[in-house]
Amino acid sequence: LFSCAAALVAVGPDATTETAVYQRGVVTEGKLRGDLVLVAAGDLTFGGRTGDGKVVFRDKDHTYTNSGLGEGELTGTDPCAALDDLAKQVRAAGITQVDGEVAVDDRMFARTRGSGSGPDVVSPIVVNDNVVDILVTPGAKPGDPATVTTRPESAFYQVDALVATGDEKATAAVQLLPLGANQFAVRGTVPAGGKPLVRIYPVDDPTQFARTLFLEALRRNGVKPNAALVRQALTVLPVKGDYGKLTKVAAFTSPPFRDAVTVTLKVSHNLYASTMPCLVAAAKGFDTAEAGLREQRKILEKLGVDVAQVSFGGGAGGAPADHVSARATVQLLQGMAKRPEWDAYKAGLPVLGVDGTLSGVGDDGPARGKVFAKTGTLVWFDTLNDRMLLKSKALAGTMTTRAGTALHFAMFVNNVPLPVGVGPGREGKALGKLCEVLYDAGP
């Protein structure tokens, strides 16, 4: 909530970014005697979540599927759509061969680490949330090998897959085992008759991942690059201020920033949330997450938040320093409600019983569709007792009560040792019930 609010204020809900490709060198008879450089612009979705002209999401995002908090789902969109679009534009510009390097410029802000589950390398270039999706489909009968496919398909990584199909009553148990740089194994069992299982493998180097995928997109679209797929030369990037002197041969424009905020809030997307301070920094002329957090403090103060009740070490809420009070959270909501960004902010919040991380909560209750709120979950596994330790289950947002009063609220549950076999969803449903009480009995 805090990260997205600050980013909406700093960047603007309708702002777009342009990921451009520049040529450095002369084109003769279709041959570029020089380099192609793709300049990352911090586009979080980068075409990979767009379907029918809209940014789409699933209530259970694929980036959570390894966490043990529920099976993730794929959107069915093309993770390389933006790269293919850029490659087609390069070809339309008359370039059929590139003799030099193909590079990705990721200097918009310094790379850092996120503070939540899922992919955690924060970079201005994001393709498919910087993960490889692994889809495991059971065989026709027990004993048959399962089919393992990856998305996006690429020579960037190598997969050693050996997954068996078990009995229909078997529990899916699939592990991803790192073998080396860009190499991993997939092992385990899936039940016969079950739906395909999704797992993810976060990439360690988003820049090299994007570069390889761009090279492959160029090849698919009629451009022959001579550069090797594996790694770009470190000395190839132009001086930052020199792009105005180069020829732009392709550009991809992001959806409005509000769409990225919507995905972040609806599915609790930790990578995007971790990137928000970096985007705030870039909007203010800086290039580190730390600078972005300091700028965020200024924004929160202007919103009326008592920043002494807030402590942040990152953007996603999972850093050891990340703590807020319920009062400060309500102050944030009150401040945003007075801002022109409020409509975009509220529209991004999960809706009780309807979508995002509040789907399945209060489905048949009186407050269904009436509560717009962000969930927060932090759990650690207590190995000693074979149970989960719920550090925090939180819900904060806004509603209009049955009596017609606009109400902003924040409710936190902290430090609960959960019974064996019980997950944080139990407390999540309790918070949903409290929303129903507030809706019915509120002023």
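The values are calculated or read from the model by the stated rules, or taken from the named source; none is laboratory data. Quick caveat, the model's predicted, so the values are computed rather than measured. Every residue, glycine among them, receives a Cβ derived from its backbone with ideal geometry; neighbour counts consider all protein chains shown. Surface accessibility is based on the protein's heavy atoms, side chains included, excluding ligands, DNA and RNA. Shrake-Rupley method; radii C 1.70, N 1.55, O 1.52, S 1.80 Å.
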- Query: If a residue has to be under 13 Å from the mean Cα position of the chain (by Cα), in a loop (DSSP other than H, G, I, E, B) and not polar (S, T, N, Q) to count, how many in segment 106-121 make the cut?
  - Reply: 5
- Message: Which numbered condition in (1) of a type outside the set (Asp, Glu); (2) under 30 Å from PRO142 (Cβ atoms); (3) open to solvent by 50 Å² or more (accessible area, probe 1.4 Å) is the only one that VAL198 fails?
- Response: (3)
- Item | Of residues in segment 116-135 being modelled with pLDDT under 95 and out of contact with any Phe, Trp or Tyr (no Cβ under 9 Å at 6 or more places or on another chain), the one most open to solvent (accessible area, probe 1.4 Å) | ASP120
- What are the pairs, 6+ residues apart or on separate chains, where a residue within segment 318-346 that is basic (Lys, Arg) has its Cβ under 8 Å from a residue that is open to solvent by 30 Å² or more (accessible area, probe 1.4 Å) and at pLDDT 95 or above? ARG327/ASP306; ARG327/GLN309; ARG339/VAL9; LYS346/PHE372
- Just to be sure, is THR147 hydroxyl-bearing (Ser, Thr, Tyr), open to solvent by less than 10 Å² (accessible area, probe 1.4 Å) and touching a strand residue (DSSP E or B) at 6+ places or on another chain (Cβ under 6 Å)? no
- Task: Kindly indicate whether any position in segment 94-108 is among the hydroxyl-bearing types (Ser, Thr, Tyr), closer than 30 Å to LYS31 by Cβ, open to solvent by 20 Å² or more (accessible area, probe 1.4 Å) and touching a residue at least 40 places away in the same chain (Cβ under 8 Å).
- Result: yes
- Pairing a residue in segment 234-246 that is touching a residue at least 60 places away in the same chain (Cβ under 8 Å) with any residue that is among the basic types (Lys, Arg) and open to solvent by 50 Å² or more (accessible area, probe 1.4 Å), where Cβ atoms lie under 7 Å and the two sit 6 or more apart in sequence or on different chains, gives PRO238/ARG24; LYS240/ARG107; LEU246/ARG24
- Query: Say we look at segment 367-409 and pick out the residues that are open to solvent by 70 Å² or more (accessible area, probe 1.4 Å) and touching a Gly at 6+ places or on another chain (Cβ under 7 Å); which of these is nearest to HIS323 (Cα to Cα)?
  - Reply: ARG368
